[in-house]
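Worksheet: one structure, shown below.
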Amino acid sequence: MAPGYWLMKTEPDTFGIHDLARVGTEPWTGVRNYTARNFMRDEMKEGDLVLFYHSSCEPPGVAGLARVARTGVVDETQFEPSSPYHDPGAKREEPRWICVDVAYVETLPRLVALDELRGNPALADMLVLRRGMRLSVQPVTAADYRTIVAMAKKPPRSSASARTERTAKASRPARRPPGRAVRTKRAR
DNA sequence: GCCAACGTTGGC
DNA sequence: GCCAACGTTGGC
């Protein structure tokens with residue numbers, strides 16, 4: 001069966017591609033979003049390939065490749081009162097948070113930065129490029145996966161084109177489309 | 001079942 | 001540190 005393709009986000013300060021390289025395999029605990037969980041629990045298959053994405057860092061981007069090594073893994077942190085991921089509502093006999101084991105495949109020759117993903121028209125439909133997309137586990141197409149791997153094996157675009165992009169970015173429209181209701185500020 | 005409040009994500 | 005976006009919670 002053909003593998004599926006995914007993008008998984010992680011903060012490199014907490015657990016990056018070098019940590020994965022060191023440990024080899026890691027249970028992907030701590031995901032507390034139902035959509036992300038459902039992808040891991042219901043859609044991922046052993047052997048699926050993963051773009052390992054560094055977020056909340058400078059620059060964010062795809063840093064490496066990984067593979068789904070095992071599915072149906074119970075996220076033990078849900079039962080650990082001392083864990084930030086503790087879920088008081090989770091029961092042993094009916095675990096709420098199921099994840100996968102992620103295995104190291106390779107560190108890409110260079111990080112393919114978010115800016116660069118944005119700059120490649122072939123990747124225009126990638127979920128991770130959508131405004132407000134916070135999902136930490138998301139599907140990608142085989143074509144996008146291959147495109148990004150190929151990008152990593154070529155030199156980055158020149159700093160001149162990066163400059164052009166920054167200029168374009170500076171003049172991009174405000175994030176909120178005009179005419180859209182502004183959310184009331186909540187009292188703190 | 002609605003929806004305001006609130007907490008979190010994550011690029012900037 | 002800011003704040004848009006969005007998921008969850010809980011009063012009704």
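The values are calculated or read from the model by the stated rules, or taken from the named source; none is laboratory data. Here the structure is a predicted model, which means the values were calculated and not measured. Note that we place each Cβ from the backbone using ideal geometry, even for glycine, and neighbour counts take in every protein chain shown. These area figures cover heavy atoms from the full protein model, side chains too; ligands, DNA and RNA do not enter into them. Shrake-Rupley method; radii C 1.70, N 1.55, O 1.52, S 1.80 Å.
Can you tell me how many residues in the range A:1-22 are open to solvent by 50 Å² or more (accessible area, probe 1.4 Å) and either in contact with a strand residue (DSSP E or B) (Cβ under 8 Å, 6 or more places away or on another chain) or within 15 Å of DNA strand C (Cβ to nearest atom) (or both)?
To start, the set of residues in the range A:1-22 that are open to solvent by 50 Å² or more (accessible area, probe 1.4 Å) comprises A:1-3, A:11, A:13-14, A:18, A:22.
When the remaining residues are screened for being either in contact with a strand residue (DSSP E or B) (Cβ under 8 Å, 6 or more places away or on another chain) or within 15 Å of DNA strand C (Cβ to nearest atom) (or both), the result is A:3, A:11, A:13, A:18.
Matching residues across the range A:1-22 total 4.
Return a yes/no flag: does the range A:24-36 have any residue that is open to solvent by 10 Å² or more (accessible area, probe 1.4 Å), touching a Cys at 6+ places or on another chain (Cβ under 9 Å) and of a type in the set (Phe, Trp, Tyr).
yes
Which residues, taken from the range A:41-60, are within 14 Å of DNA strand C (Cβ to nearest atom) and over 22 Å from residue A:152 (Cβ atoms)?
A:41 - this is the single residue of the range A:41-60 that is within 14 Å of DNA strand C (Cβ to nearest atom) and over 22 Å from residue A:152 (Cβ atoms).
Can you tell me which residue in the range A:61-82 is nearest to DNA strand C (Cβ to nearest atom), limited to those that are of a type in the set (Gly, Ala, Ser) and within 14 Å of the chain's Cα centre (by Cα)?
A:61
Just name the residue that is farthest from residue A:33 (Cα to Cα) out of those in the range A:123-143 that are assigned to a helix (DSSP H, G or I) and open to solvent by less than 20 Å² (accessible area, probe 1.4 Å). Lay out the reasoning, then the answer.
From the range A:123-143, those assigned to a helix (DSSP H, G or I) are A:123, A:127-129, A:142-143; that's our starting set.
With open to solvent by less than 20 Å² (accessible area, probe 1.4 Å) added as a condition, the list becomes A:123, A:128.
Numbers: A:123: 25, A:128: 16 Å.
Among residues in the range A:123-143 that are assigned to a helix (DSSP H, G or I) and open to solvent by less than 20 Å² (accessible area, probe 1.4 Å), the one farthest from residue A:33 (Cα to Cα) is A:123.
Could you tell me which numbered condition residue A:43 fails, if it satisfies all but one of (1) of a type in the set (Asp, Glu); (2) open to solvent by 50 Å² or more (accessible area, probe 1.4 Å); (3) free of Cβ contacts under 8 Å to residues at least 40 places away in the same chain?
Here residue A:43 meets the rest and fails (3).
Can you name the residue in the range A:8-25 that is touching a residue at least 12 places away in the same chain (Cβ under 8 Å) and within 16 Å of DNA strand B (Cβ to nearest atom) and is also farthest from residue A:62 (Cα to Cα) among such residues?
Ranking the candidates gives A:13 first.
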